[in-house]
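The values are calculated or read from the model by the stated rules, or taken from the named source; none is laboratory data. All figures in this text were calculated on a predicted structure; none of them were measured in a lab. Cβ: placed from backbone, ideal geometry, glycine included. Neighbour counts: every protein chain shown.
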Amino acid sequence: MDVLTKEEFEMRKDHYGQLIKEGALFIYPTDTIYGIGCDATSDDAVRRLREVKNRYKRPFSVIAPSKRWILDQIKGDKNEQQWISKLPGPYTLIMRLKNSNGIAEETNAGLKTIGVRIPDHWFTSHIAALGIPVVTTSANPMGEDHMTSLETLDPAIRKKISFIIYEGEKRASPSILIDLTQENEKIVER
């Protein structure tokens, strides 16, 4: 497992981008906390992530490569488009899915919804360059505290990932989860 600074990652971004496309599990920083993810279009990669997280039923959200990608995937209305215009930011938007071909079925557990984010963080530009959605979930086993530093990374997760992009301790909260699948939006988690 490689532990990389921003600079080290950017010097070898093509190599690590290829690893992601080949199904690597990895940890990355966001504008809120550290996430663990993989290529959200690969059922195999997402299944392995489910095993690492001990999270078998609940859907995962994705970091979208662009706002255009989001609009191509969802049954958007004016309210959803207003929320999308607030991205990048610390929000995960749950929306009705129109195009199930944009992600692996394993990603959203076969539901007709999708959670999307575009973090306000430098790493987002690398996902945009890859052109694929990346699973975004906290870097911890289900029910445990999320990773705040290398010292708090669960040893079982450490063994299963290919690389970590590390930028020091993070003390922020996870993104705000907003359900836009009903007539009125609802803050689900803060």
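If you go through region 145-175 one residue at a time, how many are surrounded by fewer than 14 Cβ atoms within 10 Å (Cβ to Cβ) and part of a loop (DSSP other than H, G, I, E, B)? Give the steps one after another, and end with the answer.
At the first step, the residues of region 145-175 found to be surrounded by fewer than 14 Cβ atoms within 10 Å (Cβ to Cβ) are 145, 149, 151, 155-156, 159, 168-169, 171-173.
Narrowing the set further to residues that are part of a loop (DSSP other than H, G, I, E, B) leaves 145, 149, 159, 168-169, 171-173.
Number satisfying all stated conditions: 8.
Would you pick out the residues in region 27-46 that are over 17 Å from GLU105 (Cβ atoms) and acidic (Asp, Glu)?
Result: ASP31, single match.
Please find, within region 59-89, the residue that is surrounded by the fewest Cβ atoms within 10 Å (Cβ to Cβ) out of those that are of a type in the set (Gly, Ala, Ser) and out of contact with any helix residue (DSSP H, G or I) (no Cβ under 7 Å at 6 or more places or on another chain).
Restricting to residues being of a type in the set (Gly, Ala, Ser) and out of contact with any helix residue (DSSP H, G or I) (no Cβ under 7 Å at 6 or more places or on another chain), the top hit is SER85.
Restricting attention to region 18-42, report how many residues are part of a helix (DSSP H, G or I) and under 15 Å from the mean Cα position of the chain (by Cα).
Qualifying residue count, region 18-42: 2.
Got a sec? Which of LYS13, LYS86 is out of contact with any Lys or Arg (no Cβ under 7 Å at 6 or more places or on another chain), among the charged types (D, E, K, R) and in contact (Cβ under 8 Å) with a residue 40 or more places away in the chain? If you could, list the steps in order and put the result at the bottom.
Working: LYS86 fails: in contact (Cβ under 8 Å) with a residue 40 or more places away in the chain.
After ruling out the rest, the residue left standing is LYS13.
How about region 102-120: which of its residues are assigned to a loop (DSSP other than H, G, I, E, B) and either over 14 Å from LYS57 (Cβ atoms) or among the acidic types (Asp, Glu) (or both)?
To start, the set of residues in region 102-120 that are assigned to a loop (DSSP other than H, G, I, E, B) comprises 103-112, 118-120.
Scanning region 102-120 gives ILE103, ALA104, GLU105, GLU106, LYS112, ILE118, PRO119, ASP120.
Find the residue count for region 47-58, including only residues that are in contact with a Gly (Cβ under 9 Å, 6 or more places away or on another chain), modelled with pLDDT of 95 or more and either within 12 Å of ALA104 (Cα to Cα) or surrounded by fewer than 20 Cβ atoms within 10 Å (Cβ to Cβ) (or both).
Selection size over region 47-58: 1.
Of all residues in region 71-93, count the ones that are within 9 Å of LEU180 (Cβ to Cβ) and modelled with pLDDT of 95 or more.
So the count comes out to 1.
Within region 59-83, how many residues turn out to be over 19 Å from TYR28 (Cα atoms) and in contact (Cβ under 8 Å) with a residue 60 or more places away in the chain?
4
So, in region 121-139, of the ones that are over 13 Å from the mean Cα position of the chain (by Cα) and assigned to a loop (DSSP other than H, G, I, E, B), which residue ends up farthest from LEU49 (Cα to Cα)?
Top of the filtered list is TRP122.
What do you reckon, is ILE178 in a helix (DSSP H, G or I) and either basic (Lys, Arg) or surrounded by 15 or more Cβ atoms within 10 Å (Cβ to Cβ) (or both)?
Working: in a helix (DSSP H, G or I): no; either basic (Lys, Arg) or surrounded by 15 or more Cβ atoms within 10 Å (Cβ to Cβ) (or both): yes.
No, not satisfied.
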